[in-house]
1. Rounded to a whole number, what is D in µm²/s for the stretch 143-282 from Stokes-Einstein with the Kirkwood radius over alpha-carbon pairs (4 °C, 1.567 mPa s)?
2. Want the number for residue 130 to residue 175: 0.36 nm per residue separation, take away the alpha-carbon distance, what's left?
3. How many Å² of accessible area per residue for the stretch 142-243, probe 1.4 Å?
4. Please give the FRET efficiency for residue 38 paired with residue 201, using the beta carbon to beta carbon distance and R0 = 22 Å, rounded to the nearest 0.05.
5. Counting helices only, and only those DSSP H runs with n ≥ 4, report the 222 nm mean residue ellipticity of the chain as the sum of -39,500 (n - 2.57) divided by its residues, in deg cm²/dmol to the nearest 500.
6. Which percent of Cα-Cα pairs in the chain sits in each 20 Å bin, short to long?
7. Just want the answer: with Cβ charges of +1 for Lys and Arg and -1 for Asp and Glu, which residue in 279, 181, 235 is farthest toward the dipole's positive end in the chain?
8. When the accessible area of the chain is split by element with a 1.4 Å probe, what percent falls to carbon and sulfur?
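The values are calculated or read from the model by the stated rules, or taken from the named source; none is laboratory data. The structure displayed is predicted, hence computed values, not measured ones. As a convention, Cβ positions derive from the backbone with ideal geometry for all residues, glycine included, and neighbour counts pool all protein chains shown. Surface areas here come from the heavy atoms of the whole protein model, side chains and all, with no ligands, DNA or RNA. Shrake-Rupley method; radii C 1.70, N 1.55, O 1.52, S 1.80 Å.
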Amino acid sequence: MKTAAIPPRPEAAHPVGVYDSGFGGLTVLRQLRRRLPELDYVYLGDSGRAPYGGRDVDTLLDFSEQCVERLLGEGCRVVVVACHTVSCVALRHLQERYGSGETRVLGVTIPAAEAAVAKTRGNIGFLGTARTVASHTFRTEVRKLNPEVEVSEVAAALLAPIVEEAWEDTEIARMAVRRYVEAFSGIDTLVLGCTHYPLLEAAFREIVSPSVAVLNPAPYVAERFADWRKRHPGFAPAGNGRLRTLSTGDSARFAAYGARFLGEALAQVEHVGQENGRLALCPDGQEPVGQVVRSRPVLL
């Protein structure tokens, strides 16, 4: 696969990087653009290697490093990891590796925990991918804020694929949501701990008790980022509201499916592919089709 070198970016161009394993992070980007429409954004969806929820930790670290490096190469000084799985497993690693006086990496888990603690009466339910739940990072962050709050975590492996198939308004979706909700007992707040799940919010509200608050963390992530930006000027200067979208998967499919998550059409999606352990832009902006031959490294 032929790849293009990273084009130089103007010194003043410092868009906000938003990274997710695929489509789901567009729900976070949607809220960021609603809250801070004057900023420029570059979104990277690693849809060619999704889903992340069942991946081992080392693979997640490798993928997340490549994606963050790609966004830094696009001129981003701050990257928002919009994937709950990566935020729960790899955020500390990414912050230690790439965080500096010039660049920062932020996540979604702490804002989600803060919002849940502020809303709960003492018993929080959390739905996420298998890897997110196995990390217990959300529970840890909640207990830092209030050790008296009870947290129940349930892995919901079927929900993201249902959303990817655009089946969120079907009886299949309602059956799956009902099955996962029944695993909780006595909760007063239910956190949607995967960025796909907001598309199922109507189904959740239909099925859970009216006394249970259904919490989509994305608006709180956007609000916390706006606060962070005020305290850290220079990382995300005002731009023209531009959006570039990158994907490791099929660009046409990403544009078609992504519109449901973002709430508006994606004008163009550029393809990035792996080359020598890094993600690079493809010259024609599309995923290659047919037989692909990888070039051999030159041995010195």
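1. Working: Rh = 18.2 Å.
Answer, rounded: 71 µm²/s.
2. Working: separation 45, 0.36 × 45 = 16.20 nm, distance 1.93 nm.
Once the chain is fully extended between residue 130 and residue 175, it gains 14.3 nm.
3. On the way: 5140 Å² over 102 residues.
Here the per-residue accessible area is 50 Å².
4. 0.20
5. Details: 12 runs with 117 residues, N = 300.
So the helix-based figure for the chain works out to -11500 deg cm²/dmol.
6. P(r) for the chain, in whole percents per bin: 35, 57, 9, 0.
7. 235
8. On the way: 7160 of 14030 Å².
Here it works out to 51 percent.
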